[in-house]
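Inspection log for the structure reproduced underneath, given as C-alpha coordinates.
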Amino acid sequence: MSRTDDAVVQLIARDARVIAGVEQLRFFPLAAVSGRGNPAIADAIARAAVDPAGSSILSGTHPAAVALAEELLALVPARDPDAQRRVYLGHAGTDANDVAIRGCRHATGRPRVLAFEQGYHGGLGSAQGVSGVHVAAGAQADPGVWFLPYPDRYRPHTGDAATVVDDVLRRAEAGLAEGTTAAVIVEPLQSDGGLIVPPAGFLAGLRALCDAHGAYLIVDEVKVGLGRTGRTHAFEHQAVVPDVVTLGKALGGGLPLSAAIGPAAVLDEPTASALMTTVGNPISCAAALAVLALVRDGATTRSAEERGAELRSQLEQYAASGRPGAERIGDVRGLGLSLGVELVSGREDSTPDPLLTAKVAYRAWELGAVAYPVRGNVLELTPPLGITAREVERAAAILAQAIDDAATGSVSDEQIAPYRGW
Ligand SMILES: Cc1ncc(COP(=O)(O)O)c(C=O)c1O
(Lines give C-alpha, C1' and ligand atoms only; values in the text may rest on other atoms or scores of the structure.)
Protein backbone atom coordinates (compact mmCIF):
# COMPACT_ATOMS: atom_id res chain seq x y z
CA MET A 1 0.00 0.00 0.00
CA SER A 2 1.23 3.48 -0.68
CA ARG A 3 1.49 6.06 2.07
CA THR A 4 -1.50 7.97 0.68
CA ASP A 5 -3.66 4.92 -0.01
CA ASP A 6 -7.28 5.43 1.19
CA ALA A 7 -7.12 2.32 3.35
CA VAL A 8 -4.06 3.69 5.19
CA VAL A 9 -5.66 7.10 5.66
CA GLN A 10 -8.76 5.42 7.11
CA LEU A 11 -6.69 3.13 9.35
CA ILE A 12 -4.90 6.15 10.80
CA ALA A 13 -8.24 7.92 11.41
CA ARG A 14 -9.65 4.83 13.18
CA ASP A 15 -6.44 4.52 15.24
CA ALA A 16 -6.85 8.12 16.42
CA ARG A 17 -10.36 7.33 17.66
CA VAL A 18 -9.51 4.20 19.65
CA ILE A 19 -5.83 3.87 20.68
CA ALA A 20 -4.81 5.49 23.98
CA GLY A 21 -2.54 8.49 23.79
CA VAL A 22 -0.47 7.29 26.77
CA GLU A 23 1.03 4.59 24.55
CA GLN A 24 1.73 6.75 21.51
CA LEU A 25 4.96 8.45 20.42
CA ARG A 26 4.27 9.54 16.87
CA PHE A 27 6.38 11.60 14.47
CA PHE A 28 4.60 10.90 11.15
CA PRO A 29 1.51 8.96 10.02
CA LEU A 30 3.22 5.56 9.89
CA ALA A 31 1.00 2.50 9.34
CA ALA A 32 2.48 -0.96 8.90
CA VAL A 33 0.15 -3.24 6.98
CA SER A 34 2.53 -6.10 6.16
CA GLY A 35 6.13 -7.13 6.74
CA ARG A 36 8.86 -9.63 5.99
CA GLY A 37 10.41 -11.42 8.97
CA ASN A 38 13.22 -13.91 9.47
CA PRO A 39 12.04 -17.34 8.21
CA ALA A 40 13.82 -19.29 10.98
CA ILE A 41 12.06 -17.23 13.66
CA ALA A 42 8.70 -17.46 11.86
CA ASP A 43 9.06 -21.26 11.63
CA ALA A 44 9.92 -21.58 15.32
CA ILE A 45 6.87 -19.49 16.26
CA ALA A 46 4.58 -21.49 13.96
CA ARG A 47 5.78 -24.83 15.38
CA ALA A 48 5.34 -23.66 18.97
CA ALA A 49 1.87 -22.29 18.22
CA VAL A 50 0.72 -25.74 17.07
CA ASP A 51 1.99 -27.46 20.24
CA PRO A 52 2.47 -24.82 22.93
CA ALA A 53 3.71 -26.97 25.80
CA GLY A 54 2.42 -25.23 28.92
CA SER A 55 1.40 -21.61 29.06
CA SER A 56 3.86 -19.86 31.34
CA ILE A 57 6.46 -20.45 34.04
CA LEU A 58 4.36 -19.11 36.86
CA SER A 59 2.78 -22.31 38.15
CA GLY A 60 4.83 -24.92 36.29
CA THR A 61 7.66 -25.22 33.84
CA HIS A 62 8.23 -26.26 30.24
CA PRO A 63 11.24 -27.14 28.08
CA ALA A 64 11.48 -23.95 26.01
CA ALA A 65 11.67 -21.62 29.03
CA VAL A 66 14.33 -23.71 30.77
CA ALA A 67 16.37 -24.07 27.57
CA LEU A 68 16.14 -20.33 26.96
CA ALA A 69 17.32 -19.50 30.48
CA GLU A 70 20.22 -21.95 30.12
CA GLU A 71 21.23 -20.40 26.80
CA LEU A 72 21.06 -16.89 28.21
CA LEU A 73 23.33 -17.90 31.10
CA ALA A 74 25.80 -19.27 28.55
CA LEU A 75 25.61 -16.12 26.40
CA VAL A 76 25.98 -13.49 29.12
CA PRO A 77 29.35 -13.53 30.92
CA ALA A 78 29.34 -14.08 34.67
CA ARG A 79 30.89 -11.47 36.93
CA ASP A 80 31.69 -14.13 39.53
CA PRO A 81 31.89 -17.61 37.96
CA ASP A 82 31.41 -19.25 41.37
CA ALA A 83 28.21 -17.39 42.29
CA GLN A 84 24.82 -18.77 41.28
CA ARG A 85 22.93 -16.82 38.66
CA ARG A 86 19.28 -16.78 37.63
CA VAL A 87 17.26 -15.59 34.66
CA TYR A 88 14.06 -13.58 35.02
CA LEU A 89 11.90 -13.93 31.91
CA GLY A 90 9.51 -11.05 31.30
CA HIS A 91 7.49 -9.34 28.63
CA ALA A 92 9.29 -6.05 27.97
CA GLY A 93 12.43 -4.13 28.72
CA THR A 94 10.36 -2.20 31.25
CA ASP A 95 9.57 -5.14 33.53
CA ALA A 96 13.08 -6.63 33.18
CA ASN A 97 14.57 -3.35 34.44
CA ASP A 98 11.89 -2.95 37.10
CA VAL A 99 12.67 -6.41 38.48
CA ALA A 100 16.44 -5.78 38.31
CA ILE A 101 16.15 -2.52 40.24
CA ARG A 102 13.78 -3.90 42.87
CA GLY A 103 15.99 -6.98 43.26
CA CYS A 104 19.12 -4.91 43.83
CA ARG A 105 17.31 -2.79 46.44
CA HIS A 106 16.04 -5.90 48.20
CA ALA A 107 19.40 -7.71 48.12
CA THR A 108 21.37 -4.77 49.50
CA GLY A 109 18.72 -3.26 51.75
CA ARG A 110 19.70 0.09 50.24
CA PRO A 111 17.13 2.52 48.84
CA ARG A 112 19.00 4.57 46.27
CA VAL A 113 19.79 4.04 42.59
CA LEU A 114 22.18 6.02 40.39
CA ALA A 115 20.90 6.57 36.85
CA PHE A 116 21.74 9.00 34.04
CA GLU A 117 20.10 12.13 32.70
CA GLN A 118 18.29 11.49 29.41
CA GLY A 119 18.51 7.72 29.94
CA TYR A 120 15.61 5.44 29.04
CA HIS A 121 14.88 2.18 30.86
CA GLY A 122 11.13 1.76 30.49
CA GLY A 123 7.71 3.33 30.49
CA LEU A 124 6.22 2.16 33.82
CA GLY A 125 7.10 1.65 37.49
CA SER A 126 10.68 1.65 38.76
CA ALA A 127 12.00 1.47 35.19
CA GLN A 128 10.25 4.75 34.42
CA GLY A 129 11.52 6.27 37.67
CA VAL A 130 15.16 5.72 36.64
CA SER A 131 14.57 7.07 33.12
CA GLY A 132 15.98 10.58 32.89
CA VAL A 133 13.97 11.19 29.72
CA HIS A 134 10.68 10.65 31.57
CA VAL A 135 11.72 12.61 34.62
CA ALA A 136 12.80 15.54 32.43
CA ALA A 137 9.38 15.36 30.73
CA GLY A 138 7.57 15.63 34.09
CA ALA A 139 7.00 11.98 35.13
CA GLN A 140 6.88 11.40 38.86
CA ALA A 141 10.44 11.20 40.13
CA ASP A 142 11.42 8.25 42.32
CA PRO A 143 12.79 9.89 45.51
CA GLY A 144 15.53 7.27 45.78
CA VAL A 145 16.98 7.91 42.33
CA TRP A 146 19.82 10.31 41.72
CA PHE A 147 20.94 11.32 38.25
CA LEU A 148 24.27 12.32 36.75
CA PRO A 149 25.03 13.55 33.21
CA TYR A 150 25.91 10.84 30.66
CA PRO A 151 29.35 11.64 29.22
CA ASP A 152 28.81 13.26 25.83
CA ARG A 153 31.84 14.33 23.80
CA TYR A 154 29.85 16.40 21.30
CA ARG A 155 28.01 18.40 23.98
CA PRO A 156 30.27 18.04 27.04
CA HIS A 157 28.51 19.09 30.26
CA THR A 158 31.90 20.31 31.54
CA GLY A 159 32.56 22.34 28.39
CA ASP A 160 35.53 20.09 27.57
CA ALA A 161 35.20 16.65 25.97
CA ALA A 162 38.43 15.50 27.61
CA THR A 163 37.03 15.86 31.14
CA VAL A 164 33.48 14.46 30.89
CA VAL A 165 34.26 10.93 32.09
CA ASP A 166 36.43 12.02 35.01
CA ASP A 167 33.84 14.53 36.14
CA VAL A 168 30.97 12.01 36.09
CA LEU A 169 33.05 9.36 37.87
CA ARG A 170 34.15 11.84 40.52
CA ARG A 171 30.53 12.78 41.23
CA ALA A 172 29.46 9.12 41.17
CA GLU A 173 32.15 8.26 43.69
CA ALA A 174 31.03 11.01 46.04
CA GLY A 175 27.45 9.69 46.02
CA LEU A 176 28.29 5.99 46.14
CA ALA A 177 30.62 6.53 49.07
CA GLU A 178 27.57 7.31 51.24
CA GLY A 179 26.81 3.56 51.11
CA THR A 180 23.08 3.97 50.45
CA THR A 181 23.02 3.13 46.73
CA ALA A 182 21.88 -0.35 45.73
CA ALA A 183 22.68 -0.15 42.02
CA VAL A 184 23.92 1.89 39.10
CA ILE A 185 21.78 1.42 35.98
CA VAL A 186 23.30 2.49 32.71
CA GLU A 187 22.90 2.12 28.95
CA PRO A 188 26.13 1.06 27.21
CA LEU A 189 25.21 3.51 24.45
CA GLN A 190 22.56 6.06 25.37
CA SER A 191 19.88 5.66 22.72
CA ASP A 192 16.87 7.88 23.44
CA GLY A 193 19.28 10.31 25.08
CA GLY A 194 20.77 11.06 21.64
CA LEU A 195 22.77 8.02 20.46
CA ILE A 196 25.67 8.93 22.71
CA VAL A 197 28.65 6.58 22.67
CA PRO A 198 30.41 6.97 26.01
CA PRO A 199 34.16 7.63 25.90
CA ALA A 200 36.51 4.75 26.76
CA GLY A 201 36.82 4.12 30.47
CA PHE A 202 33.30 5.17 31.45
CA LEU A 203 31.80 1.73 32.09
CA ALA A 204 35.05 0.41 33.58
CA GLY A 205 35.07 3.40 35.92
CA LEU A 206 31.50 2.65 37.04
CA ARG A 207 32.44 -1.03 37.46
CA ALA A 208 35.32 -0.12 39.78
CA LEU A 209 33.14 2.26 41.82
CA CYS A 210 30.39 -0.35 42.20
CA ASP A 211 32.96 -2.86 43.44
CA ALA A 212 34.45 -0.37 45.86
CA HIS A 213 31.11 0.68 47.35
CA GLY A 214 29.04 -2.52 47.30
CA ALA A 215 26.58 -1.52 44.58
CA TYR A 216 25.38 -3.67 41.68
CA LEU A 217 26.07 -2.59 38.09
CA ILE A 218 23.00 -3.10 35.87
CA VAL A 219 23.72 -2.70 32.16
CA ASP A 220 20.59 -2.19 30.08
CA GLU A 221 21.14 -3.93 26.73
CA VAL A 222 17.44 -3.85 25.82
CA LYS A 223 17.91 -1.68 22.76
CA VAL A 224 21.47 -2.23 21.65
CA GLY A 225 22.20 -5.81 22.78
CA LEU A 226 22.26 -9.07 20.80
CA GLY A 227 24.40 -7.90 17.91
CA ARG A 228 23.14 -4.43 16.96
CA THR A 229 26.39 -2.64 17.80
CA GLY A 230 28.57 -5.21 16.03
CA ARG A 231 29.24 -7.13 19.26
CA THR A 232 26.97 -9.65 20.96
CA HIS A 233 26.73 -7.31 23.95
CA ALA A 234 27.33 -3.58 23.65
CA PHE A 235 29.21 -3.57 26.99
CA GLU A 236 31.96 -5.60 25.25
CA HIS A 237 33.07 -2.36 23.54
CA GLN A 238 34.25 -1.22 26.97
CA ALA A 239 35.45 -4.62 28.21
CA VAL A 240 33.41 -4.75 31.41
CA VAL A 241 31.29 -7.50 32.93
CA PRO A 242 28.09 -6.23 34.58
CA ASP A 243 26.37 -7.84 37.57
CA VAL A 244 22.94 -7.73 35.95
CA VAL A 245 22.20 -7.55 32.21
CA THR A 246 18.75 -6.80 30.84
CA LEU A 247 17.63 -7.80 27.36
CA GLY A 248 14.44 -7.19 25.39
CA LYS A 249 13.28 -5.98 21.97
CA ALA A 250 15.29 -8.25 19.60
CA LEU A 251 15.21 -11.14 22.09
CA GLY A 252 11.62 -12.07 21.24
CA GLY A 253 12.07 -11.67 17.48
CA GLY A 254 8.97 -9.45 17.50
CA LEU A 255 7.07 -11.23 20.27
CA PRO A 256 6.92 -9.86 23.82
CA LEU A 257 9.90 -11.23 25.71
CA SER A 258 12.60 -9.81 27.94
CA ALA A 259 15.14 -11.11 30.41
CA ALA A 260 17.20 -10.01 33.37
CA ILE A 261 20.28 -12.16 33.96
CA GLY A 262 22.03 -11.73 37.28
CA PRO A 263 22.96 -13.07 40.72
CA ALA A 264 20.50 -15.40 42.46
CA ALA A 265 20.76 -13.01 45.42
CA VAL A 266 19.10 -10.33 43.26
CA LEU A 267 16.60 -12.41 41.29
CA ASP A 268 15.41 -15.13 43.70
CA GLU A 269 13.89 -13.12 46.54
CA PRO A 270 11.24 -12.38 47.67
CA THR A 271 9.63 -15.44 46.11
CA ALA A 272 6.63 -14.62 43.93
CA SER A 273 7.23 -10.86 44.01
CA ALA A 274 7.19 -10.32 40.22
CA LEU A 275 4.34 -12.26 38.66
CA MET A 276 2.62 -11.96 35.28
CA THR A 277 0.40 -14.70 33.86
CA THR A 278 2.00 -15.27 30.47
CA VAL A 279 5.69 -14.66 31.22
CA GLY A 280 8.00 -17.25 29.72
CA ASN A 281 5.21 -18.52 27.47
CA PRO A 282 6.36 -21.25 25.07
CA ILE A 283 5.69 -19.30 21.87
CA SER A 284 7.80 -16.28 22.88
CA CYS A 285 10.50 -18.62 24.23
CA ALA A 286 10.60 -20.56 20.94
CA ALA A 287 11.07 -17.30 19.05
CA ALA A 288 13.89 -16.30 21.41
CA LEU A 289 15.67 -19.64 21.01
CA ALA A 290 15.66 -19.04 17.24
CA VAL A 291 16.98 -15.49 17.82
CA LEU A 292 19.80 -16.79 20.02
CA ALA A 293 20.77 -19.33 17.35
CA LEU A 294 21.24 -16.38 14.97
CA VAL A 295 23.23 -14.47 17.58
CA ARG A 296 25.50 -17.48 18.17
CA ASP A 297 26.02 -17.95 14.44
CA GLY A 298 27.53 -14.45 14.39
CA ALA A 299 26.70 -13.54 10.77
CA THR A 300 24.01 -11.03 11.78
CA THR A 301 26.32 -9.34 14.25
CA ARG A 302 29.12 -9.08 11.64
CA SER A 303 26.61 -7.72 9.16
CA ALA A 304 25.46 -5.09 11.70
CA GLU A 305 29.07 -3.92 12.02
CA GLU A 306 29.64 -3.83 8.24
CA ARG A 307 26.32 -2.26 7.22
CA GLY A 308 26.62 0.20 10.09
CA ALA A 309 30.07 1.31 8.87
CA GLU A 310 28.69 1.75 5.34
CA LEU A 311 25.68 3.77 6.48
CA ARG A 312 27.84 5.95 8.67
CA SER A 313 30.39 6.62 5.94
CA GLN A 314 27.68 7.44 3.39
CA LEU A 315 26.15 9.94 5.82
CA GLU A 316 29.58 11.44 6.51
CA GLN A 317 30.14 11.78 2.75
CA TYR A 318 26.85 13.64 2.48
CA ALA A 319 27.82 15.88 5.41
CA ALA A 320 31.01 16.82 3.51
CA SER A 321 29.26 17.21 0.14
CA GLY A 322 28.27 20.87 0.00
CA ARG A 323 24.66 19.91 -0.77
CA PRO A 324 21.96 22.28 0.58
CA GLY A 325 21.32 20.42 3.88
CA ALA A 326 24.85 19.13 4.49
CA GLU A 327 25.95 21.95 6.75
CA ARG A 328 23.03 21.19 9.08
CA ILE A 329 24.72 17.96 10.20
CA GLY A 330 26.57 18.63 13.43
CA ASP A 331 27.67 15.08 14.19
CA VAL A 332 27.30 11.51 12.91
CA ARG A 333 28.02 8.86 15.56
CA GLY A 334 27.17 5.44 16.88
CA LEU A 335 28.22 1.82 16.95
CA GLY A 336 27.21 -0.74 14.31
CA LEU A 337 23.57 -0.25 13.38
CA SER A 338 22.82 2.17 16.24
CA LEU A 339 23.58 5.49 14.58
CA GLY A 340 22.66 9.08 15.35
CA VAL A 341 22.72 12.19 13.20
CA GLU A 342 22.69 15.43 15.18
CA LEU A 343 21.03 18.31 13.30
CA VAL A 344 22.03 21.87 14.10
CA SER A 345 21.54 25.45 12.92
CA GLY A 346 24.71 25.50 10.84
CA ARG A 347 28.33 24.42 10.62
CA GLU A 348 29.57 27.39 12.62
CA ASP A 349 26.70 27.31 15.09
CA SER A 350 25.92 23.97 16.70
CA THR A 351 22.62 25.11 18.26
CA PRO A 352 20.27 22.07 18.27
CA ASP A 353 17.51 22.31 15.64
CA PRO A 354 14.57 20.15 16.80
CA LEU A 355 12.12 21.70 14.31
CA LEU A 356 14.36 20.79 11.38
CA THR A 357 14.79 17.30 12.85
CA ALA A 358 11.02 16.76 13.08
CA LYS A 359 10.70 17.91 9.46
CA VAL A 360 13.52 15.67 8.24
CA ALA A 361 11.92 12.66 9.96
CA TYR A 362 8.60 13.52 8.34
CA ARG A 363 10.15 14.01 4.88
CA ALA A 364 12.17 10.78 5.19
CA TRP A 365 8.93 8.94 5.94
CA GLU A 366 7.34 10.51 2.84
CA LEU A 367 10.29 9.30 0.78
CA GLY A 368 10.20 5.79 2.30
CA ALA A 369 12.62 5.63 5.25
CA VAL A 370 11.90 5.57 8.97
CA ALA A 371 14.11 7.66 11.30
CA TYR A 372 12.93 8.88 14.69
CA PRO A 373 13.92 12.12 16.41
CA VAL A 374 15.41 11.60 19.88
CA ARG A 375 16.51 14.25 22.41
CA GLY A 376 14.89 16.78 20.07
CA ASN A 377 17.52 17.18 17.40
CA VAL A 378 19.08 13.75 16.85
CA LEU A 379 17.84 11.38 14.15
CA GLU A 380 17.98 7.84 15.46
CA LEU A 381 18.86 5.24 12.82
CA THR A 382 18.32 1.68 14.02
CA PRO A 383 17.38 -0.33 10.91
CA PRO A 384 16.70 -4.07 11.04
CA LEU A 385 19.93 -6.07 11.45
CA GLY A 386 19.17 -7.90 8.21
CA ILE A 387 19.41 -4.71 6.13
CA THR A 388 21.35 -5.26 2.87
CA ALA A 389 24.12 -3.10 1.39
CA ARG A 390 21.70 -1.93 -1.33
CA GLU A 391 19.09 -0.99 1.25
CA VAL A 392 21.75 0.94 3.17
CA GLU A 393 22.57 2.94 0.02
CA ARG A 394 18.90 3.66 -0.56
CA ALA A 395 18.39 4.67 3.07
CA ALA A 396 21.39 7.02 2.98
CA ALA A 397 20.15 8.57 -0.29
CA ILE A 398 16.66 9.11 1.16
CA LEU A 399 18.04 10.66 4.35
CA ALA A 400 20.29 13.01 2.39
CA GLN A 401 17.34 14.03 0.21
CA ALA A 402 15.12 14.49 3.27
CA ILE A 403 17.70 16.76 4.97
CA ASP A 404 18.13 18.80 1.76
CA ASP A 405 14.36 19.12 1.33
CA ALA A 406 13.59 19.99 4.95
CA ALA A 407 16.49 22.48 5.09
CA THR A 408 15.20 24.25 1.98
CA GLY A 409 11.64 24.57 3.30
CA SER A 410 9.71 21.78 1.62
CA VAL A 411 7.99 20.64 4.85
CA SER A 412 5.63 23.14 6.49
CA ASP A 413 5.05 23.63 10.22
CA GLU A 414 1.40 22.58 9.63
CA GLN A 415 2.44 19.21 8.21
CA ILE A 416 4.23 18.18 11.37
CA ALA A 417 1.88 19.93 13.83
CA PRO A 418 -0.29 16.81 14.53
CA TYR A 419 2.73 14.81 15.73
CA ARG A 420 3.54 15.63 19.29
CA GLY A 421 6.53 13.33 19.58
CA TRP A 422 7.91 13.22 23.10
C1 LIG B 1 17.53 1.11 26.64
C2 LIG B 1 16.10 0.72 26.82
N3 LIG B 1 15.75 0.08 27.93
C4 LIG B 1 14.48 -0.31 28.16
C5 LIG B 1 13.49 -0.03 27.24
C6 LIG B 1 12.08 -0.43 27.54
O7 LIG B 1 11.72 -1.52 26.77
P8 LIG B 1 10.19 -1.82 26.48
O9 LIG B 1 9.66 -0.70 25.65
O10 LIG B 1 10.22 -3.13 25.78
O11 LIG B 1 9.50 -1.91 27.79
C12 LIG B 1 13.81 0.62 26.06
C13 LIG B 1 12.77 0.94 25.08
O14 LIG B 1 12.94 1.66 24.15
C15 LIG B 1 15.15 1.02 25.84
O16 LIG B 1 15.51 1.68 24.75
| remark: Expected field for W146, accessible surface area in Å² at 1.4 Å probe radius, rounded to 10, holds 30
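Rounded to the nearest 500, what is the chain's calculated 222 nm mean residue ellipticity when only DSSP H runs of at least 4 contribute -39500 (n - 2.57) each, over all residues? Please list the in-between numbers first.
Numbers: 14 runs with 167 residues, N = 422.
Helices in the chain give a 222 nm mean residue ellipticity of -12500 deg cm²/dmol.
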| request: Could you let me know the centre-to-centre spacing of the range 378-422 and the range 151-216, using Cα atoms, in angstrom? | output: 31
| task | Subtracting the Cα-Cα distance from 0.36 nm times the residue separation, let me have the gained length for L58 to I19 in nm, one decimal. | result | 11.1 nm
| message | Can you say what percent of the DSSP beta bridges in the range 40-297, counting only those with both residues inside, are antiparallel? Round to 5. | response | 40
| request: Place +1 on the Cβ of every Lys and Arg and -1 on the Cβ of every Asp and Glu in the chain, take the dipole about the Cα centre, and give the residue among A361, T388, A234 whose Cα lies farthest towards its positive end. | output: T388
| field | Estimated distance in nm for a label pair at T163 and L124, the labels positioned 7 Å out from Cα along Cα-to-Cβ | value | 4.4
| What is the distance in Å between the Cα centres of the range 101-150 and the range 279-312? | 28
| task | Output ³J(HN,Hα) for the range 17-28: one whole-Hz value per residue in order, computed from phi by the Karplus curve 6.51 cos²θ - 1.76 cosθ + 1.60 with θ = phi - 60°, and x for Gly and Pro. | result | 7, 10, 8, 5, x, 5, 10, 10, 9, 10, 10, 6
| Of all the accessible heavy-atom surface of the range 193-327, with the other protein chains kept in place and a 1.4 Å probe, what percent is carbon and sulfur? | 54
| Just by accessible area at a 1.4 angstrom probe, what is the order of R14, R323, R363 from largest to smallest? | R14, R323, R363
| request: Compute the FRET efficiency between V9 and T277 as 1/(1 + (r/R0)^6), taking r as their Cβ-Cβ distance and R0 = 56 Å, and round to the nearest 0.05. | output: 0.90
| said: Taking every DSSP beta bridge with both residues inside the range 130-271, roughly what % is antiparallel (nearest 5)? | reply: 35
| message | Please compute the modelled spin-label separation between S412 and R26, points set 7 Å along Cα→Cβ, answer in nm with one decimal. | response | 1.9
| Taking only protein heavy atoms and a 1.4 Å probe, what accessible area per residue, in Å², does the range 40-297 have with all protein chains in place? | 39
| field | Accessible surface, per residue, of the range 331-374 when the full set of protein chains is kept, probe 1.4 Å, Å² | value | 33
| message | For Y120, what accessible surface area do you get with a 1.4 Å probe? Give it in Å², rounded to 10. | response | 70
| query | What list of ³J(HN,Hα) couplings, whole Hz, do you get for the range 325-341 from phi and the Karplus terms 6.51, -1.76, 1.60, once you set θ to phi - 60° and write x for glycine and proline? | reply | x, 4, 6, 8, 8, x, 7, 10, 8, x, 9, x, 9, 10, 10, x, 10
| field | Calculated from backbone phi, Karplus (6.51, -1.76, 1.60) coupling profile of the range 95-100 in Hz, x at Gly/Pro | value | 6, 4, 5, 4, 5, 4
| query | Residue farthest toward the positive end of the dipole of the range 67-112, with Cβ of Lys/Arg at +1 and Asp/Glu at -1: which of G109, G93, L75? | reply | G109
| If you add up the charges near L257, with Lys and Arg at +1 and Asp and Glu at -1, over every other residue whose beta carbon is less than 11 angstrom from its beta carbon, what do you get? | 0
| said: Going by amide H atoms built from the backbone, whose H comes under 5 Å of the H on D331, apart from near neighbours? | reply: E342
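Quick one: pull the percent of accessible area on the range 120-164 belonging to carbon and sulfur, 1.4 Å probe, ligands and nucleic acids left out.
54
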| query | Which FRET efficiency value, to the nearest 0.05, do you get for A46 and L367 by plugging their Cβ-Cβ distance into 1/(1 + (r/R0)^6) with R0 = 25 Å? | reply | 0.15
| task | Give me the accessible area of V113, 1.4 Å probe, in Å² rounded to the nearest 10. | result | 0
| note | Once R36 and T351 are pulled to full extension, the length gained, defined as 0.36 nm per residue separation minus their Cα-Cα distance, is 109.5 nm
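The values are calculated or read from the model by the stated rules, or taken from the named source; none is laboratory data. The model shown is predicted, which means the values in this text are computed figures rather than measured ones. In this analysis, Cβ positions are derived from the backbone assuming ideal geometry, glycine residues included, and neighbour counts consider all displayed protein chains. When the accessible area is computed, the model is the full protein with side chains, heavy atoms only, and any ligands, DNA or RNA have been set aside. Shrake-Rupley method; radii C 1.70, N 1.55, O 1.52, S 1.80 Å.
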